[in-house]
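The values are calculated or read from the model by the stated rules, or taken from the named source; none is laboratory data. Keep in mind that what you see is a predicted model, and the values were worked out from it rather than measured. Reconstructed Cβ throughout: ideal geometry from the backbone, glycine too, with neighbour counts over all protein chains shown. Note: areas computed on protein heavy atoms with side chains; ligands, DNA, RNA excluded. Shrake-Rupley method; radii C 1.70, N 1.55, O 1.52, S 1.80 Å.
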Amino acid sequence: MKRKSTQMIIAVAAVLAMSLASPNAALAAAPQHHDQAPGFFRLRVGDLEVTALYDGTGVFDPHWLNGTKATMDGVAEALREDPHMLDVADTGFLVNTGKQLILVDVGAGTWWGGPAFGRLAGSLRSAGYTPEEVDIVLLTHLHSDHIGGLTTQDGKRVFPNAEVYVAKAESDFWLSPEIAAKAPKDAQPFFQSAQAIAAPYIKAGKWRTFSGSESIVDGMQLVPLPGHTPGHTGYEFSSKGQKILFCGDIVHALRVQLQHPEVTAIFDIDQTAAAAARNQLLPKLASEDVLIAGPHMNFPGLGRLRKEGSGYSWAPVVFTDQWVEHAPSPQK
Ligand SMILES: [Zn+2]
């Protein structure tokens, strides 16, 4: 007992001595940390668990947009005010239906260049899953920033047990050596990457195409959105009266194309059809209050549309660390 109290007195004296010597020692010693939270965010849609998986972030060049001179002058002016207004994320989405694990688009992987992409498989692991567990991959289209995460540079399948689904029109276009041979030179890399990324899944008998409204997953509807690419397709999941649409590249530059849906991107294979698809879809999404999952919206890429003037504004889902029910918003 006596020995213990002596020890305590020594300890208290030591602490007092330290605090007198350096009153702010604890504050000064804390190093800065530059690592961030793991790249996933999940929410509930009916009985579905939907997880946004971060792959990377890039900058959308204003020269990739086609609009009237007045609109593009406005974009240039806005960019001077806010140089980050065309920053875009690259996100894939995981749907756990309770029976199956389904990925919708898989990010760029190592096929878009630069170290800023290729995080999706790591984000998936951080969210508690493994690539081996994924049953199905649904592809909105075959641009490498949506499919690169499927395959390593040495031709290995990242999702070895997954069946990969894409529209037949999309697969036929990008995987055709004849069409590739006739394509302009700056489009060639898109054909080459699509073919290399698809190859190991085709070889393994895991590449599946659809051409109509076939049922692939219970409660999921195909939403054809041709224009950006020939077989560009959205996937709409419904559960308990709630809906989420994985909309692919219906919008690239959120802060331009929601106010000006007529503005197209140079990556749109058919500019007129791409604008028409956007003009048709956006009013429907706004009036039906559909939850939208957009790969290039600011992470986590989830939100709703609101009518604003002659266009729309984006009402993003706001980050929380709670597991929340994303019921239809109160305006309904
Ligand atoms: Zn695209």
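Of all residues in region 31-87, exactly one satisfies the criterion of being among the hydrophobic types (A, V, I, L, M, F, W, C), open to solvent by 60 Å² or more (accessible area, probe 1.4 Å) and in contact (Cβ under 8 Å) with a residue 40 or more places away in the chain, namely Trp64. Among the residues that make up region 102-110, is at least one of them at positive phi and either of a type in the set (Asp, Glu) or surrounded by fewer than 14 Cβ atoms within 10 Å (Cβ to Cβ) (or both)? Yes - at least one qualifying residue is present in region 102-110. Applying the criterion of being away from the ligand (no atom under 16 Å from the Cβ) and of a type outside the set (Phe, Trp, Tyr) to the residues of region 224-240, the residue that is surrounded by the most Cβ atoms within 10 Å (Cβ to Cβ) is Ser239.
Before we move on, is Val134 within 12 Å of the chain's Cα centre (by Cα), open to solvent by less than 30 Å² (accessible area, probe 1.4 Å), modelled with pLDDT of 95 or more and hydrophobic (A, V, I, L, M, F, W, C)? Against the criterion (within 12 Å of the chain's Cα centre (by Cα), open to solvent by less than 30 Å² (accessible area, probe 1.4 Å), modelled with pLDDT of 95 or more and hydrophobic (A, V, I, L, M, F, W, C)), Val134 does not qualify.
The selection criterion, being under 17 Å from Ala169 (Cβ atoms) and away from the ligand (no atom under 16 Å from the Cβ), does not hold for Gly205.
Restricting the search to strands (runs of 3 or more DSSP E) fully inside region 241-332 and requiring at least 3 residues that are basic (Lys, Arg) and more than 14 Å from the ligand (Cβ to nearest atom) gives 302-308.
Of all residues in region 270-298, those satisfying the criterion of being in contact (Cβ under 8 Å) with a residue 40 or more places away in the chain, touching a strand residue (DSSP E or B) at 6+ places or on another chain (Cβ under 7 Å) and of a type outside the set (D, E, K, R) are Gln271, Ala274, Ala275, Leu285, Val290, Leu291, Ile292, Ala293, Pro295, His296, Met297, Asn298.
Kindly establish whether Arg255 is without any contact (Cβ under 8 Å) to a residue 40 or more places away in the chain and open to solvent by 60 Å² or more (accessible area, probe 1.4 Å). No; evaluated as a whole, the condition is false for this residue. Checked against (1) modelled with pLDDT of 95 or more; (2) among the polar types (S, T, N, Q); (3) open to solvent by 70 Å² or more (accessible area, probe 1.4 Å), Thr264 passes all but condition (3). Each residue in region 202-215 was checked for being closer than 11 Å to Ala167 by Cβ, open to solvent by less than 50 Å² (accessible area, probe 1.4 Å) and modelled with pLDDT of 95 or more, and 1 pass.
Taking region 173-193 as the range and being part of a loop (DSSP other than H, G, I, E, B), surrounded by fewer than 19 Cβ atoms within 10 Å (Cβ to Cβ) and at pLDDT 95 or above as the test, only Ser176 passes.
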